[in-house]
Amino acid sequence: MSGAVELERVYSAIEESAHLVGVACSREKVWPLLSTFGESIEDALLVLSLQTGGRHAGELDYSFTASPGLGDPYPHAVAHGFLEPTDHPVHSLLSDLQGRWTIREHFVDCGVTGGFKKLYAHFPQDLQPVAKLAEVPSVSHAVADNAGLFARYGLDEVAMVGVDYKRQTMNLYFQFTPDGRPEPSALRAMLREIGLYDADEGMLEFASRSMRANITFRWDSSRIVRVAFAPPPGRGLDPAAVPAPIEPHIARFATNAPYAYPGERLNLFGVKWFPDGEFIDVCAYYQLSAGYEPVRLMETHKR
């Protein structure tokens with residue numbers, strides 16, 4: 001099929017998912033992002049996601065692999081008017097990562113109503129220690145300032161960096177081996193040390209099965225903004241298995257969102273902890289890309 005036909009297919013899936021959960025979907029907002037970054041959309045990963053809680057109502061997020069031919073997607077985001085560059089280091093970070101190690105792919109994160117949000121650099125075959133990330137000039141000083149905490153809780157190797165330009169935050173995605181995942185007691189201690197929400201035992205046990213942890217930082221403080229944990233994706237996952245409330249429309253999305261591959265739908269459920277609460281991230285994979293690392297980790301992390 002032609003590129004335009006493939007983009008239309010993907011747009012229709014996003015539109016269908018938005019209607020499923022009562023989110024207004026505008027072609028004028030979604031299509032420019034797909035057409036700018038999705039020239040190879042037929043080979044891309046595409047994930048649709050919702051978050052629980054009132055502050056996230058009315059939004060459906062979608063993330064997809066940027067076309068490999070773009071290289072660093074940041075200049076394209078600027079050229080097409082999705083970003084207004086400033087001298088803040090958030091605008092240098094993605095470019096500063098290029099060439100330092102092997103970046104397998106970049107991802108683009110968008111909202112159906114909010115538009116362009118984030119860019120990611122993914123390097124799962126070239127995991128990097130915290131010390132190497134801290135050497136990058138535009139990385140927040142909070143990374144080096146929290147190196148001791150990371151070491152205490154087994155957060156050793158980074159597989160991906162996320163950059164949120166509007167919020168001026170960055171994320172490190174730490175990857176765990178099956179034997180290196182933190183125990184619930186360690187998770188509780190870490191959350192308390194950071195000053196985040198005091199999670200219950202059920203959610204700590206759920207998070208202890210994670211393949212990755214996502215830590216969020218700002219540039220104006222050493223304080224960690226947010227911590228997120230996500231067990232590996234799985235086929236036919238039941239939202240009721242998550243030990244936290246999930247709104248009916250989000251559960252419906254998890255079990256009814258469209259997908260374009262054989263077998264059962266692939267889902268991922270994660271938890272995000274802030275100082276004042278926790279939220280569940282509910283993901284439905286619409287399209288899979290060859291060699292996507294979290295899918296490979298599904299089997300190795302089962303227990």
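Rule-based calculations on the coordinates, nothing more; no lab input. The structure presented is a predicted model; accordingly, all values stated were derived computationally and were not measured. Note that we place each Cβ from the backbone using ideal geometry, even for glycine, and neighbour counts take in every protein chain shown.
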Descending packing, highest mean Cβ count within 10 Å first, for 126-132, 268-274, 74-80 is 268-274, 74-80, 126-132
Just want the answer: with Cβ charges of +1 for Lys and Arg and -1 for Asp and Glu, which residue in Ala4, Cys25, Met170 is farthest toward the dipole's positive end in the chain? Met170
How large is the dipole of region 199-303 about the Cα centre if only Lys and Arg carry +1 and Asp and Glu carry -1, each at its Cβ, rounded to the nearest 20 debye? 340 debye
Applying a 10 Å radius around every beta-carbon, put 4-16, 201-213 in order of their mean neighbour count, most first. 201-213, 4-16
Partners for Lys166 among lysines (Cα-Cα distance below 16 Å; same-chain residues under 8 apart left out): Lys117, Lys118
Enumerate the residues in region 93-123 having an amide nitrogen under 13 Å from the point lying 7 Å beyond the Cα of Asp276 toward its Cβ. none
Stretchable slack from His249 to Arg55, in nm (0.36 nm times residue separation minus alpha-carbon distance): 68.3 nm
Can you give me the distance in nm between label points at Arg192 and Ser289, each placed 7 Å from the Cα along the Cα-to-Cβ direction? 4.1 nm
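Rg(Cα) of the chain divided by 2.2 N^0.38 Å?
This ratio for the chain stands at 0.95.
Is the shape of region 1-99 rounded, prolate or oblate, going by the alpha carbon gyration tensor and its root eigenvalues a ≥ b ≥ c, with a/c under 1.5 for rounded and a/b larger than b/c for prolate?
Here region 1-99 falls in the oblate category.
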Provide the packing ranking of 216-224, 258-266, i.e. peptides ordered by the mean count of other C-beta atoms within 10 Å per residue, highest first. 216-224, 258-266
Along Cα→Cβ, 7 Å out, is where each label goes; now give me the distance between the ones at Asp220 and Thr177 in nm to one decimal. 4.1 nm
Pop a pseudo-label 7 angstrom from the Cα along the beta-carbon direction at both Ala134 and Asp156 and give the gap in nm to one decimal. 1.7 nm
Report the residues of region 99-113 in range of a label on Ala260: point 7 Å along Cα→C-beta, backbone N strictly under 20 Å from it. 105-113
If the chain between Asp164 and Glu8 were fully extended at 0.36 nm per residue, the gain over the current Cα-Cα distance would be 53.5 nm
Once the piece of chain linking Ala147 and Arg209 is laid out straight, how much longer is it, given 0.36 nm per residue of separation minus the C-alpha distance between them? 20.0 nm
